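Engineer: What follows is a single structure, and I will ask about it in a moment.
The values are calculated or read from the model by the stated rules, or taken from the named source; none is laboratory data. Bear in mind that the values here come from a model prediction, so they are computed numbers and not experimental data. No Cβ is skipped: glycine too gets one built from the backbone with ideal geometry, and neighbour counts run over all protein chains shown. Keep in mind that these areas ignore ligands, DNA and RNA; they rest on the heavy atoms of the full protein, side chains included. Shrake-Rupley method; radii C 1.70, N 1.55, O 1.52, S 1.80 Å.
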Amino acid sequence: MSRRALRRLRGEQRGQEGPGLGELGLDPGPERAREGGPPPAPGKGSRGPPRAGVSNRFELIPAEESEDEPAAGEERPDTRLSEQDTAGGSQEGSKEGAVTEEADRDGQREGQEAEQPDRTLATSNKLRKKKKKRKTKKNSAGETVQDNDLEDIDSLLERIEDPRLAPQSQGGITADSRPLLYVEHRNLNPENELKRYFGARAVLGDQRPRQRQRQYVRSTWLTAPKNTWPRYSKTGITMQLLDTRRGVQHFTFEHHREYQQVQFKFLDAVESMDPNNIVLLLQMNPYHVDSLLQLSDVCRMQEDQEMARDLIERALYSLECAFHPVFSLTSGTCRLDYRRPENRAFFLALFKHLMFLEKRGCPRTALEFCKLILSLDPENDPLCVLLLIDFLSLRAREYTFLTRLFQEWESHRNLSQLPNFAFSVPLAYFFLSQQEERPELERSQARERAARLIQLALIMFPSVLMPLLDHCSVQPDTRVASHSFFGLNAQISQSPALNQLTSLYVGRTHALWKDPAVMAWLEPHVHEVLRMVEAQDALVQEAEHKRKIRYQSAPRNIYRHIILSEMKEATAALPLEVTSQPVMGFDPLPPLDSIVSYTRPERTSHPSNESTLSLFFRSLLPNFNLQGDIRHDGDDEAGAAQDLNQGVNRLMAAMRDMLANIQFQEPPRDDNPEGDGDWD
């Protein structure tokens, strides 16, 4: 019999059940003894300590979930259930017969309950025990998990993300079963990283009560909208799904006609070279993305870092509000083509945002944004974030991710031919070998890999060592300083493209090599490389041959990365064809094979056939026009003569106006320098 039928039998409404005997702290009496169960332990069989003098009976009503769940520590063997079935079989049969009779005779319900209180209580307890009996499931680890535990999503996610449960690879380094460029939403919020460093109280402060009074805004993953921002409305940017190939979805941003008109005004404002015009445009269109990117660069040049960062976050918020419903930040299977001008703003906003995060002291969050940029176009890598991802991994102490990236991409991307990966990967293995919580076998394997890779890096890129030691304020010994392999000749003989890569790496990551333990680890390997050079090892000759053939010219994405990074060591090595052309912050070095969806209309300006005198007067009087309106019947001599007369008249009138407006200021009179005379 269900509980609903029992309530109807008793004439009670839902939620009006009387408190149980165990909840009131009373002795259950012969009912529990008749069932054969032990008395309840304090704190287990009841919801709390006994309460005396309870005035509100609704405080003792348990929740629906707690009524359906079995009591803790209450297990009944099958023999006990069989005894209860045999003992109470006659009672249950008579009770079910009484239910059918009492459904038609409502007047006899109270009498039945008064005559048989013990039978009703025993039957309800028996039915409740049957309802509490649940099936159990076993997970992959062999542990018994109940259905209610499976509903706890948070615990399952914590269980999945527990690094202790991650499988081990053959090399001994922990392997992650998730995709390489998997992005976690929680790591996109810099406040989570700051909370781990300083605590929630130091990060949030008095923001909690203010958030309760904040008006409703759309929740986003990339940035958190602020109360100081203008109210968001649709800007005219949308995202469309182009196609799906091999499980990879290709998207693109699109600009509506209204947004295109704003974009044309923005280009006019940029050509005016006046930042105030961009500010006026943003007052009318507060979420125009390119205006936010360009004005952010202006604020950064004026040392207003807080405003520059706020403008970048507002641009990201505007773009995220335009996402397609299927577009996912975490899957790693969504692509955006950088050749389309509409998509470039999203790449640039993400890159500038991660640069602000790195300077703010949030390398783990910056690494997550770097993985996001790389997942949008991993084949082409338009911003060349591969030159940055190793530095962020080392700063965030994500050594396992860096080594996994090197192992999986080395075969088809030749990451060892980039100076940053050639030096950062062995440094990551060295840091792994210093972690005492790892097994000794894993630490020894990491130590061997670090030694082998750092020697290969020094052989392939010998020009990195001396600038790196110079930035770390370390004086090398006489053998290293006087040897030609690591000397000045190594830096002069390398190509300009390789010089840009090495300068970028040294200027960015030299702080990670200042650790005395790192320098002590590096020193014996430098001497080992010198021994191989003096022995004319085949590896040394092969590396020299590779340096001469490769690194002839850097691709355009590397130039774009150097410009955005603003690393002075690498910017000084840029070629003249890059530095001679203007570079705009909203679109630095656009691709040569751009896919243009709409073009800017040409200005309605006629070719200038004016003379030098006419141009002079136009510079003084912008409204002056010597030619007047253009006549289409230029072949008519009378019309031409009339136009000439009108032009001369306009010129004379303009000269009169100019002379009339010229006022000469008289010099001060100095007739009486002593000042003892009267004023005229």
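Engineer: Ignoring any ligand, DNA or RNA, what whole percent of the accessible area of the stretch 292-389 comes from carbon and sulfur when the probe is 1.4 angstrom?
Structural biologist: 48 percent
Engineer: Using label points projected 7 Å from each Cα along Cα→Cβ, tell me how many nm separate Ile595 and Thr244, to one decimal.
Structural biologist: 1.8 nm
Engineer: As a quick test, which of the pairs Lys514/Lys568; Lys195/Lys359; Lys359/Lys514; Lys226/Lys359; Lys195/Lys226; Lys352/Lys514 have an alpha carbon distance above 23 angstrom in this structure?
Structural biologist: Lys352/Lys514
Engineer: Let's see if you can work this out: charge +1 on each Lys and Arg Cβ, -1 on each Asp and Glu Cβ, no other charges. What is the dipole magnitude of the stretch 219-360 about its Cα centre, in debye to the nearest 20?
Structural biologist: Computed about the Cα centre, the dipole is about 520 debye.
Engineer: Could you work out the relative contact order of the stretch 385-554? I mean the mean sequence separation of Cα pairs under 8 Å and 6+ apart, divided by the number of residues, in percent.
Structural biologist: 22 percent
Engineer: What are the residues whose amide H is under 5 Å from the amide H of Met584, where those residues sit 5 or more places off or on another chain and H is modelled from the backbone?
Structural biologist: Leu589
Engineer: Continuing with the same structure: For the full complex of protein chains and a 1.4 angstrom probe, list Val596, Val529 by accessible area with the highest value first.
Structural biologist: So, going from the largest accessible area down, we get Val596, Val529.
Engineer: What residues from the stretch 494-510 fall in the zone where the backbone N is under 12 Å from a label point 7 Å along the Cα-to-C-beta line of Lys568?
Structural biologist: Answer for the stretch 494-510: none.
Engineer: Let me ask something additional. Expressed in whole Å with the largest first, what are the equivalent ellipsoid semi-axes of the stretch 385-554 derived from the C-alpha gyration tensor as the square root of 5 times each eigenvalue?
Structural biologist: 24, 19, 16
Engineer: Say R0 is 45 Å: what FRET efficiency, to the nearest 0.05, do Asp537 and Asn380 get from their beta-carbon distance?
Structural biologist: E between Asp537 and Asn380, to the nearest 0.05, is 0.80.
Engineer: Just by accessible area at a 1.4 angstrom probe, what is the order of His288, His471 from largest to smallest?
Structural biologist: His471, His288
Engineer: Kindly list the residues of the stretch 243-272 that lie in the label zone of Gln302, defined by a backbone N under 16 Å from the point 7 Å along the Cα-to-C-beta vector.
Structural biologist: Residues passing the 16 Å test: 270.
Engineer: Right, next: Can you give the translational diffusion coefficient of the stretch 221-338 in µm²/s, computed by Stokes-Einstein from the Kirkwood radius over Cα pairs at 10 °C and 1.306 mPa s?
Structural biologist: 102 µm²/s
Engineer: Still on this structure, please answer the following. Charges at C-beta only: +1 for Lys and Arg, -1 for Asp and Glu. How large is the resulting dipole of the stretch 385-554 about its Cα centre, in Debye rounded to 20?
Structural biologist: My answer is approximately 420 debye.
Engineer: How large is ³J(HN,Hα), in whole Hz, for each residue of the stretch 318-334 in order, when computed from phi with the Karplus curve 6.51 cos²θ - 1.76 cosθ + 1.60 and θ = phi - 60°, using x for Gly and Pro?
Structural biologist: Per-residue couplings from phi come out as 5, 6, 5, 5, 9, 4, 6, x, 8, 5, 10, 7, 9, 6, x, 10, 9 Hz.
Engineer: Per residue, how many Å² of accessible area does the stretch 385-554 show with a 1.4 Å probe?
Structural biologist: On a per-residue basis, 46 Å².
Engineer: Further, regarding this structure: Of Leu512, Asn499, Leu427, which is farthest along the charge dipole of the stretch 385-554 in the positive direction, counting Lys and Arg as +1 and Asp and Glu as -1 at C-beta?
Structural biologist: Asn499
Engineer: Among 458-465, 581-588, how do they line up from the highest to the lowest mean number of other beta-carbon atoms within 10 Å?
Structural biologist: Most protected by this proxy first, the peptides run 458-465, 581-588.
Engineer: Between Arg397 and Thr478, what length in nm is gained on full extension when 0.36 nm per residue of separation is reduced by their alpha carbon distance?
Structural biologist: 25.8 nm
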